[in-house]
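Take a look at the structure below.
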Amino acid sequence: MKVLVTGGLGFIGSHTVVELQNKGFNVVIIDDLSNSSEKVLDGIVAITGVKPAFEKIDLKEKSKVEDFFARHTDVQGVIHFAASKAVGESVEKPLLYYENNIGTLVYLLKELSKKDKASFIFSSSCTVYGQADKMPITEDAPVKTAESPYGNTKQMGEEIIADTCKVVPSLNAIALRYFNPMGAHPSTEIGELPIGVPQNLVPFITQTGIGMREQLSVFGGDYPTSDGTCVRDYIHVVDLAKAHVIALERLLEHKNDANYEVFNLGTGTGSTVLEAIQSFERVSGKKLNYEIVDRRPGDITSAYASTEKANKILGWKAESTLDEAMKSAWEWEQKIRN
Ligand SMILES: NC(=O)c1ccc[n+]([C@@H]2O[C@H](COP(=O)([O-])OP(=O)(O)OC[C@H]3O[C@@H](n4cnc5c(N)ncnc54)[C@H](O)[C@@H]3O)[C@@H](O)[C@H]2O)c1
């Protein structure tokens, strides 16, 4: 069964390609390498023994997307990771984000709408909830006004898919709202490769641990949480990747209850920034140089997932602990820096 993975050489995409190939799917990757490297293919081959097909295509080029689907009429499922994802950059360059995250989605949905049957998995985010009123966050929590153009592209993306599914019954879609993906494949063949200053906490921690950065700034020590720092739900990228395969199989096997569904993907456990740092110190045996500084505008206090819907309906549960995920992130950091 042929599956297209857009952004399949990126962080979450590459781990998902591994899990798809482990399950026998025939994967074709589209990536424009704007935030990844072709070398990731070697890592995928080292783990699975199979080299996925790869086409270097910029999905913003509509004619290339059309040409791809004309050549690959046997694609039955699409997992769409390709997007720009830096929140700060999205504030500076909103049109880049709307073009790359919305334009490409529209081109893909147009092609899929022409097919007799199509399954589509979309990378959404817990940012759609903003600061939710209740923890843990359930899927029916209200979607709040987005804080950034990036966050807005995820909200709009979900709406575009829902609207399309209403009028295209042959299209079945699932939006997966990720909490905080982290870690690397236990083989250390693939992992997160942030370009420039990491946007996410964990690569910043590991880069500080290895000496690439002098100090980690912890933004805010006076939040109403157990130790005053923000709470997030850190999920191992391999657990996240496995959920994509399960979601895709649900659609391919027609087990879905509606032709558009939404699931949270998190662990259900909230950890503070200081707990994440302590986890790093436990698994690495190193002291981390950090300082608590002022709050950063736009940061919410707390977000962790209710995993009940994904547990019950997808039959999926995150298995790794924060320490296991942190250990994999640290091993990956050591490998790439050596
Ligand atoms: N990592 C997170 O913390 C997180 C959290 C929530 C949601 N997401 C979403 O998950 C998806 C994957 O995230 P990631 O962390 O793996 O990001 P990533 O940057 O590592 O992967 C995205 C991949 O898409 C490719 N790409 C971008 N624009 C493209 C285009 N126009 N044409 C073809 N390829 C293109 C990039 O080169 C990259 O390989 C994104 O949609 C992101 O918004 C990520």
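The values are calculated or read from the model by the stated rules, or taken from the named source; none is laboratory data. Predicted, not measured: the structure shown is a model, and the values here were computed from it. Ideal geometry is used to build each Cβ from the backbone, glycine not excepted, and the neighbour counts take in all protein chains shown. Please note that ligands, DNA and RNA were not included when accessible areas were found on the heavy atoms of the full protein model with its side chains. Shrake-Rupley method; radii C 1.70, N 1.55, O 1.52, S 1.80 Å.
Quick notes on this structure:
- Number of residues in the stretch 100-128 that are within 13 Å of the ligand (Cβ to nearest atom) and of a type in the set (A, V, I, L, M): the value is 6.
- Restricting attention to the stretch 156-180, the residues that are open to solvent by 30 Å² or more (accessible area, probe 1.4 Å) and within 15 Å of the ligand (Cβ to nearest atom) add up to 3.
- Counting only helices (runs of 4 or more DSSP H) that fall entirely inside the stretch 1-99 and contain at least 3 residues that are out of contact with any Gly (no Cβ under 6 Å at 6 or more places or on another chain) and near the ligand (Cβ under 10 Å from one of its atoms), the qualifying elements are 11-22.
- Candidates 37, 90, 124, 119, filtered to the one that is among the polar types (S, T, N, Q), in the same structural domain as residue 243 (by TED's automatic domain parsing) and open to solvent by 20 Å² or more (accessible area, probe 1.4 Å): 37
- Of all residues in the stretch 113-137, those that are within 24 Å of residue 101 (Cα to Cα) have Cβ atoms under 6 Å from Cβ atoms of residues that are among the aromatic types (Phe, Trp, Tyr) and buried (at least 16 other Cβ atoms within 10 Å of the Cβ), 6 or more apart or on another chain, in 123/81; 125/178; 126/179.
- Test: residue in the stretch 184-193 that is in a helix (DSSP H, G or I), away from the ligand (no atom under 16 Å from the Cβ) and in contact (Cβ under 8 Å) with a residue 60 or more places away in the chain: no
- Matching residues, the stretch 131-155, being more than 19 Å from residue 298 (Cα to Cα) and open to solvent by less than 10 Å² (accessible area, probe 1.4 Å): none
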